[in-house]
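Structure first, commentary second.
The values are calculated or read from the model by the stated rules, or taken from the named source; none is laboratory data. What you see is a predicted model; the values in this text were computed from it and never measured. Glycine also receives a Cβ, built like all others from the backbone with ideal geometry; neighbour counts cover every protein chain displayed. These accessible areas exclude ligands, DNA and RNA; they are computed on the full protein's heavy atoms, side chains included. Shrake-Rupley method; radii C 1.70, N 1.55, O 1.52, S 1.80 Å.
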Amino acid sequence: MSDISYTLKVSRRSKYARLKMVPREGLVVVVPEGYDRKQIPVLLKRYEDWIRRAAGRLERQQPDEHPLLPGGLPSSVVFRSVGEEWRVEYDPALRKRVERNGDGGSSVLLPVEDARRDDARDHLLLWLRKRAAVILLPMLEERSRALGLRYASAGVRLQKSRWGSCSGRGRITLNTKLLFLPPELARYIMTHELCHTAEMNHSGSFWRLVQRHDPDFRQHDRAMRDAWKYVPGWVSGHYL
């Protein structure tokens, strides 16, 4: 297994060594503190077949990236949830962000040069949160009315792992990254969180309620396991 590269992470919570295949990172070896690192080659050899199969699945599932500039920033952004496509331009001469909509399509101009990658990404993420509020919150309200499940309030956040959440007080928070998911998966997450307004758990009653409003929920739930593949790497700070 000397030809297999990996990233090593030490975890205080882990009680044993484990392997995981992570989008855009590849193989990650997680070990507890004090683990004998001389045992890692043995571990890799033992799970060699799994590693190669998982790496193959990861490569097949990786979607084509939209055109990227040399620094890894996008020249266009596609929101699959609603079929929107935006050209992205970087212009340090601007004082503020500018959105344009016309016969030639939609474009967003950011007041920063693309060479300043981190600053440009910050501007992009601010814009994403704005678009998420404009797109996702009305979708949630429409879904709420259709299902007859009401919520107290709602908001959007750029979260690392959770696609959505519902508090005990009925506030629903949606992950900005839902913008990049196919519409049926974005709707599934909204349905899931709306059902939590009636069932604040994952009991049988909860899943029966989900099934009532989304008969294909099992298929959608399985698809969410790989939903990361729809999110461009630059959103999480992973550049090609």
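Hey, any hits in the range 199-209 for a residue that's out of contact with any helix residue (DSSP H, G or I) (no Cβ under 9 Å at 6 or more places or on another chain) and among the basic types (Lys, Arg)?
yes
Please verify whether the range 146-153 includes one or more residues that are in contact with a Leu (Cβ under 7 Å, 6 or more places away or on another chain), among the polar types (S, T, N, Q) and closer than 25 Å to His192 by Cα.
No, there is no match, as no residue in the range 146-153 is in contact with a Leu (Cβ under 7 Å, 6 or more places away or on another chain), among the polar types (S, T, N, Q) and closer than 25 Å to His192 by Cα.
Filter the range 143-190 down to the residues that are farther than 19 Å from Met224 by Cα, in a loop (DSSP other than H, G, I, E, B) and in contact with a strand residue (DSSP E or B) (Cβ under 6 Å, 6 or more places away or on another chain) and list them by number.
Selection gives Tyr151, Ala152.
Which one is farthest from Arg162 (Cα to Cα), of the residues in the range 191-221 that are assigned to a loop (DSSP other than H, G, I, E, B) and touching a residue at least 40 places away in the same chain (Cβ under 8 Å)?
In this case the residue turns out to be Ala198.
Can you confirm whether Ser81 is of a type in the set (S, T, N, Q), open to solvent by less than 80 Å² (accessible area, probe 1.4 Å) and either at pLDDT below 80 or touching a strand residue (DSSP E or B) at 6+ places or on another chain (Cβ under 6 Å) (or both)?
Answer is no for this residue.
Just give me the residues in the range 104-158 being within 18 Å of the chain's Cα centre (by Cα), among the aromatic types (Phe, Trp, Tyr) and open to solvent by 20 Å² or more (accessible area, probe 1.4 Å), in sequence order.
Result: no residue meets the conditions.
Out of contact with any Leu (no Cβ under 7 Å at 6 or more places or on another chain), open to solvent by 40 Å² or more (accessible area, probe 1.4 Å) and within 29 Å of Lys130 (Cα to Cα): which single residue out of Pro215, Pro232, Pro183 fits that description?
Pro183
What number of residues in the range 162-188 are under 20 Å from Trp127 (Cα atoms) and among the polar types (S, T, N, Q)?
3
Please tell me if Pro183 is out of contact with any helix residue (DSSP H, G or I) (no Cβ under 7 Å at 6 or more places or on another chain), within 23 Å of Gly233 (Cα to Cα) and of a type outside the set (Val, Ile, Thr).
For Pro183, the condition - out of contact with any helix residue (DSSP H, G or I) (no Cβ under 7 Å at 6 or more places or on another chain), within 23 Å of Gly233 (Cα to Cα) and of a type outside the set (Val, Ile, Thr) - is met.
Enumerate the pairs (first residue in the range 25-41 and in a helix (DSSP H, G or I); second residue anywhere and loosely packed, with under 14 Cβ neighbours inside 10 Å) with beta-carbon separation below 9 Å, excluding pairs fewer than 6 apart on the same chain, so at least 6 apart or on different chains.
Here the result reads Arg37/Leu8; Ile40/Leu8; Pro41/Ser2, each pair linking the range 25-41 to a residue that is loosely packed, with under 14 Cβ neighbours inside 10 Å.
Please determine, by comparing only the residues of the range 168-178 that are farther than 21 Å from Arg145 by Cβ and in contact (Cβ under 8 Å) with a residue 24 or more places away in the chain, which one is most open to solvent (accessible area, probe 1.4 Å).
Gly168
Identify the single condition in (1) hydroxyl-bearing (Ser, Thr, Tyr); (2) under 21 Å from Trp234 (Cα atoms); (3) surrounded by fewer than 20 Cβ atoms within 10 Å (Cβ to Cβ) that Ser165 does not satisfy, given that it satisfies every other one.
Among (1) hydroxyl-bearing (Ser, Thr, Tyr); (2) under 21 Å from Trp234 (Cα atoms); (3) surrounded by fewer than 20 Cβ atoms within 10 Å (Cβ to Cβ), Ser165 violates only (2).
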